[in-house]
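Read through the structure below, which is laid out as structure tokens, and then see the notes.
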């Protein structure tokens, strides 16, 4: 998964998309894998194409990952994802990060940056782990 994210930031969107298809064979339940596949496909092709080819996922029990997946499908709003996250710091981190990435993919760069900047805040470092570093890099690159 980390290689796929690196390919995304290197601008190798078709390779990135293919990496997440491959990663699904070892982690078929992971919403994050499907989300990154969507992001890569959206950049390589279009948001519409990305939605049509979004990877299926299994029972990812992490809150609010089911709602994040539904947002990427176009079935839920960011408000609904944030509501599902509640006040749990880990859930809030992942909600903010994936809302931001989704907004960027769908053309709302200003609100995307706001959400990712919240996710990149130092207070989320302990709960975000590697993905917190991704959020910080995203902001540093001016995405």
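Here are a few things to note about the model shown:
- Among the candidates 91, 83, residue that is in a helix (DSSP H, G or I) and touching a residue at least 12 places away in the same chain (Cβ under 8 Å): 91
- Pick from segment 107-130, criterion surrounded by fewer than 19 Cβ atoms within 10 Å (Cβ to Cβ) and under 22 Å from residue 30 (Cβ atoms), ranking: farthest from the chain's Cα centre (by Cα): 126
- Search result, residues across segment 25-60 that are within 15 Å of residue 3 (Cβ to Cβ) and surrounded by fewer than 19 Cβ atoms within 10 Å (Cβ to Cβ): 25, 26, 27
- Every residue from segment 1-14 that is at pLDDT 90 or above and either surrounded by 16 or more Cβ atoms within 10 Å (Cβ to Cβ) or in the same structural domain as residue 94 (by TED's automatic domain parsing) (or both): 5, 7, 8, 12, 13
- Number of residues in segment 61-72 that are outside any loop (DSSP other than H, G, I, E, B) and crowded, with 19+ Cβ neighbours inside 10 Å equals 6.
- Residue in segment 89-106 that is in contact with a helix residue (DSSP H, G or I) (Cβ under 9 Å, 6 or more places away or on another chain), farther than 28 Å from residue 21 by Cβ and surrounded by fewer than 16 Cβ atoms within 10 Å (Cβ to Cβ) present: yes
The values are calculated or read from the model by the stated rules, or taken from the named source; none is laboratory data. Since the model is a prediction, treat every value here as computed from it, not as a measurement. For neighbour counting, all protein chains shown are included, and Cβ atoms are generated from backbone atoms with ideal geometry for every residue, glycine included.
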